[in-house]
Amino acid sequence: MRRKPRILIGKVGLDGHEVGARVVAKALADAGMEVIYTGLRQTPEMIVRTAIEEGVDLIGISILSGSHMTFFPEILRLLKAYQAEDIPFIAGGIIPAEDVERLKEMGVKEIFPPETPTSEIVRFVKGLLAERP
Amino acid sequence: MTTMDPKKLKELEEAKRAWEEQCLKPALETFPERRKNFLTDIGLNIERLYTPLDLERVDFDYEKDLGFPGQFPYTRGISPTMYRSAPWIVRAYSGFGEPELCNKRYKKLVEWGVDEIVMAVDLPTQVGYDSDHLMARGEVGKVGVAIDTLRDMEILFEGIPLNKLKRVSMLGNSFGPIALSLFIALGERQGLRPEEFVVDLQNDILKEYVARGTYIFPIRPSVRVTTDVVGYCARHAPHWYPSTLCANHLNAAGAGSSKAAAFAMANGVCYLRHLVEKGYAVDDVAPLFCMFLDERSDFFVAICHFRAARRVWAKILKEKFHAMDPRSTALKITAYSHGGETLLEPINNIARITLAALAYVLGGVQFLYNASYDEVLGTPSEEAAKISIRIQQILAHELGITSTVDPLGGSYFIETLTTEIEREISEEFEKVEALGGAIAAIEKGYYLSAITEGANRRQKEFERGERVSIGVNKWRIETKPPYGAFRIDPMIETKQVERLSKVKRERNERRVKEALQYVREVAQGEGNLVPPSLEAVRAYATIGEICDVLRSVFGEYQAREYFSAKGS
């Protein structure tokens, strides 16, 4: 039998608002996934290393500090550098719509704005993981 | 005991029963109610109707529970005239980019008539990293203005003498002594003595370990860092407000307003006990605290929450600390008007913010600031910031809202709810006491479990549509969030780092070294951290340098690295 999907939920940078990250982590765990929450103040390097070491199937980053254009491209670059670009990367938080488009072009799979029902995130994650080889 | 005549009470009971039978029952058959229960966020059920019978039920007594404004237990307000003498302090929480750019916005705020500027500083500043630190990359000037040294403060307040405002403020939760010193030293540069202006700080570290997350040092040395600021002000600037006990962030994170207030009070009691142990008289330090309360879900609960909190605090100070000075028992309240702002149709947020502000005013707030309607998009635009201030000015000066003290006092509903909330806060406060106080409650995970439980409950209610958000989960039209967020130029980081290295080149390096050594010596001993911090700030030592010295003495707080939540 296939093991439970493993998800990494992380906070990158100095942003200390973690309600969203915790709520999403709980919703994914309730949906039968194993969730690793990194806690605060992670660097892109720490996120990618943890993801690889823990063998996760997906990375989800919450960010409300406005620093996404620094951190997200860096996470994508590191995933490539570590030959782990097959780990899909999704995000949520306060991210202006114009940045959402740019980040999705760069390779972020989906970005969920505030007010997104967690059920929608769960559905998306399940769909994405179902595509796995 | 209520003041109602038992015979009259009996008659009223009968009359109510008759009304239910003859009037209510048939009406319910034709017009059934929309819901079975009208539950509030804090879990209290709101009744269909309140009468003197409810006051009897909660054992309401005018003299015991209300009394008069300006007197114990301050339910009706902390001063006898309240807004008839002066409306609340209109605050603006503002800051972005680097000091030169931000100074332009501050000048506008002054022009628009704010009483107080609360500096929003960026995250590197809040956690004691300079703008050139590796961890600061990408974060400089983002959620607030970047401050590295006194030089930044001089630029930020160029053309704005500190005494032109009624108060000036910064959060400074993890490094209160440095935040305070920055204002003292800035005052010196502007030729002002501490007696001539008023500083208020958030400087409440305990809540950072469970909500907000801008801690630096471990919990115990952090309590010293926070309380040293209060102790210093008690001796040198007793008219300042060096610490604000925050329920706001705890409620925002999910605790619910009653628990959030109880936790904030427990945190305050922890600081007070620490100060008393250090030899301060309670009446020398208690008046310097205020409390940042918050209730964003229910309009009437917000009003009653403030009235109830004043009562609980007054009793704690009187019964547990034997405070004699009325300024110790009278709880000064700060609030932030917001609640359920949405990304979709953001202009609607003006209505939400206005109503939140009105509730706080009806609850007797002292210091108020409003969210900006576009805050959910990012840093507030100039127009949105101005509207936030105008809303407060309209409430204060139009419509007669401020003409009488505690206008809702005596309402059957308001008084019943106030008493019920008072009991909730008191009971929760006693639970924390029984656990061993605030630090124990944090270490045992008690605060965090209450917060997490509430956050998950709110999310579920929202998804089931029980928590209505107009334009989002009801009558939704727009599907995509709007464009056009206010943006911070990425060049700001470069500019700020250049300014920092210029300050470092030009300052007297020997003086900096000596001052940092003085910080180290005091930190290693028992002395107050403000005087050495002030020396270091005056010498243009950076916030990061001073924090590094403190880190080397106190260590750093290690948050739980990660946990696995296994699905069932």
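The values are calculated or read from the model by the stated rules, or taken from the named source; none is laboratory data. Predicted, not measured: the structure shown is a model, and the values here were computed from it. Neighbour counts run over all protein chains shown; Cβ positions are idealised from the backbone, glycine included.
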Among A:LEU40, A:LEU8, the single one that is touching a residue at least 12 places away in the same chain (Cβ under 8 Å), in a loop (DSSP other than H, G, I, E, B) and within 23 Å of B:THR452 (Cα to Cα) is A:LEU40
Those residues of region A:47-63 that are within 10 Å of another protein chain (Cβ to nearest Cβ) and either touching a Lys or Arg at 6+ places or on another chain (Cβ under 9 Å) or free of Cβ contacts under 8 Å to residues at least 12 places away in the same chain (or both) come to a total of 1
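Okay, residues lined up against (1) at pLDDT below 90; (2) of a type outside the set (A, V, I, L, M, F, W, C):
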residue: A:LEU8; (1), (2): no, no
residue: A:MET33; (1), (2): no, no
residue: A:PRO44; (1), (2): no, yes
residue: A:VAL48; (1), (2): no, no
residue: A:ALA51; (1), (2): no, no
residue: A:ILE61; (1), (2): no, no
residue: A:SER65; (1), (2): yes, yes
residue: A:GLN83; (1), (2): no, yes
residue: A:GLY92; (1), (2): no, yes
Residue pairs qualifying under the 8 Å Cβ cut-off, at least six apart or on distinct chains, with the first in region B:135-148 being closer than 10 Å to B:PRO124 by Cβ and the second being of a type in the set (Lys, Arg) and part of a loop (DSSP other than H, G, I, E, B), are B:MET135/A:ARG41
- Is one or more of the residues making up region B:2-24 in contact with an Asp or Glu (Cβ under 9 Å, 6 or more places away or on another chain) and buried (at least 17 other Cβ atoms within 10 Å of the Cβ)? yes
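Please enumerate the residues belonging to region B:93-114 that are under 22 Å from B:SER337 (Cα atoms) and away from chain A (no Cβ under 14 Å).
The answer is B:TYR93, B:SER94, B:ARG105, B:TYR106, B:LYS108, B:LEU109, B:VAL110, B:GLU111, B:TRP112, B:GLY113, B:VAL114.
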Screening B:ILE414, B:ILE442, B:ILE451, B:ILE389 for residues that are surrounded by 24 or more Cβ atoms within 10 Å (Cβ to Cβ) and in contact (Cβ under 8 Å) with a residue 60 or more places away in the chain leaves only B:ILE451
Residue set B:ARG423, B:ARG487, B:ARG457; condition within 11 Å of chain A (Cβ to nearest Cβ) and assigned to a helix (DSSP H, G or I); output residue B:ARG457
(Q) B:ARG538 - would you say it is under 26 Å from B:VAL223 (Cα atoms), at pLDDT 95 or above, surrounded by fewer than 22 Cβ atoms within 10 Å (Cβ to Cβ) and among the charged types (D, E, K, R)? (A) yes
Scanning region A:59-102 residue by residue, those within 13 Å of the chain's Cα centre (by Cα), surrounded by 22 or more Cβ atoms within 10 Å (Cβ to Cβ) and of a type in the set (A, V, I, L, M) turn out to be A:ILE59, A:ILE61, A:ILE63, A:ILE75, A:LEU79, A:ALA91
Considering region A:81-133, residues that are in contact (Cβ under 8 Å) with a residue 60 or more places away in the chain and more than 14 Å from every other protein chain (Cβ to nearest Cβ), and then whichever is nearest to A:ILE7 (Cα to Cα), we arrive at A:LEU128
Okay, strands (runs of 3 or more DSSP E) sitting entirely in region A:53-133 with 1 or more residues that are at positive phi, I get A:89-93
Apart from one, (1) away from chain A (no Cβ under 12 Å); (2) more than 30 Å from B:TYR540 (Cα to Cα); (3) not polar (S, T, N, Q) all hold for B:GLU478; the odd one out is (1)
Just one listed residue, out of B:VAL503, B:VAL497, is aliphatic (A, V, I, L, M), at pLDDT 95 or above and surrounded by fewer than 18 Cβ atoms within 10 Å (Cβ to Cβ), and it is B:VAL503
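Condition check ((1) assigned to a loop (DSSP other than H, G, I, E, B); (2) within 29 Å of B:ARG458 (Cα to Cα)) across all residues:
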| site | (1), (2) |
| --- | --- |
| B:MET4 | yes, no |
| B:LYS7 | no, no |
| B:LEU12 | no, no |
| B:TRP19 | no, no |
| B:PRO26 | no, no |
| B:GLU33 | yes, yes |
| B:LYS36 | yes, yes |
| B:ILE42 | yes, yes |
| B:ARG48 | yes, yes |
_Based on this model, can you work out whether B:ALA253 counts as over 19 Å from B:PHE367 (Cβ atoms) and not β-branched (Val, Ile, Thr)?_
yes
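Would you check if A:MET69 is of a type in the set (A, V, I, L, M, F, W, C), under 26 Å from B:VAL140 (Cβ atoms), facing chain B (nearest Cβ under 10 Å) and in contact (Cβ under 8 Å) with a residue 24 or more places away in the chain?
Criteria met by A:MET69.
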Checked against (1) within 14 Å of another protein chain (Cβ to nearest Cβ); (2) assigned to a helix (DSSP H, G or I), B:GLY213 satisfies every condition except (2)
Given (1) of a type outside the set (Val, Ile, Thr); (2) closer than 30 Å to A:SER62 by Cα; (3) modelled with pLDDT of 95 or more, B:GLU195 misses just (2)
Filtering region A:25-40 down to residues that are closer than 16 Å to A:GLY92 by Cβ and either acidic (Asp, Glu) or more than 7 Å from chain B (Cβ to nearest Cβ) (or both) yields A:ALA27, A:LEU28
Could you go through region B:433-450 and let me know if any residue there is among the polar types (S, T, N, Q), at pLDDT 95 or above and part of a helix (DSSP H, G or I). no
Among helices (runs of 4 or more DSSP H) entirely inside region B:226-332, those with 3 or more residues being more than 22 Å from B:ILE442 (Cα to Cα) are B:282-285, B:299-321, B:326-329
Filtering region B:115-139 for residues that are buried (at least 24 other Cβ atoms within 10 Å of the Cβ) and within 9 Å of another protein chain (Cβ to nearest Cβ) leaves a count of 8
